[in-house]
Amino acid sequence: MSSKYSRRAFEAGGIYHVFNHAISDRKLFNCERDFRFFMGLIDRHLNNNPNETNIKGVPYKKLQVKVVSYCLMENHFHLQLQEFSADGGISELMKIIGAEYSQYLRKHYAWRGAIFEGRFKTVRVKTDEQNKHLTRYIHCNPRYFLNYEWSSVKYYLGKRKSSPSWLDVSLSGMSLVNYKMFLTEYDRKTKHQDGVEFCF
């Protein structure tokens, strides 16, 4: 019988929409601390920092994954990820996030039972146009998306001088000069008309 977190096949160089939702529409993120812990998991396992080690003193393995865009919402999250090599980095990253963030919620909120609505979902991005529109779909999830703290939009709009080493906005294929217009022209009614099953 395969494990709940058995490794899925991701194509090297492929870009994927990865997402999941809290079970029963519960809150995954209740406060700033929760958002920071989740983002810290991504940073820990995608950023090559030899000074950050596990309880045995061994540096965390850097997974071969790049983030194109992301957004954390109250009860779900979206990640646009590139599998950098064929070593199963996306599967490993999501396994870590699923296990460690679940443990975190149980510790701090006495959460009992399942955390997520099953395994994380993935959709393979097939064209450059889909890739561009996916960044917009992800960034436009919050109501006030232009100033939303827990997404990568601030890096696309140049509101932060530097971005994390694991975030590569160039993979979006977008000219960032006109990205704000690209976002604000977005009509939510057309989000499923781009030929991609972006989300639930």
**Request:** Apply the Kirkwood formula to region 9-164: the hydrodynamic radius equals the inverse of the mean of 1/r over all pairs of different alpha-carbon atoms; give it in Å with one decimal.
**Result:** 16.4 Å
**Request:** Let me have the relative contact order for region 94-172, percent, based on Cα pairs under 8 Å that are six or more residues apart.
**Result:** 16 percent
**Message:** Could you sort the peptides 171-178, 125-132 by per-residue average Cβ neighbour count (10 Å cutoff), highest mean leading?
**Reply:** 125-132, 171-178
**Fill in**
Projecting the Cα atoms of GLY88, TYR16, TYR155 onto the charge dipole of region 15-190, where Lys and Arg contribute +1 and Asp and Glu -1 at Cβ, the residue farthest towards the positive end is TYR155
**Message:** Contact order normalised by length for region 15-190, with contacts defined as Cα pairs under 8 Å and 6 or more residues apart; what percent is it?
**Reply:** 29 percent
**Asked** What nm distance separates the two modelled labels at VAL177 and SER163, each placed 7 Å from Cα along Cα→Cβ?
**Response** 1.8 nm
**Message:** Give the separation of the Cα centroids, region 101-129 to region 28-43, in Å.
**Reply:** 13 Å
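Readers should treat all values here as calculations from the given coordinates under stated rules, not as data from a laboratory. This structure is a prediction, so every number in the text was calculated from the model and none was measured. As a convention, Cβ positions derive from the backbone with ideal geometry for all residues, glycine included, and neighbour counts pool all protein chains shown.
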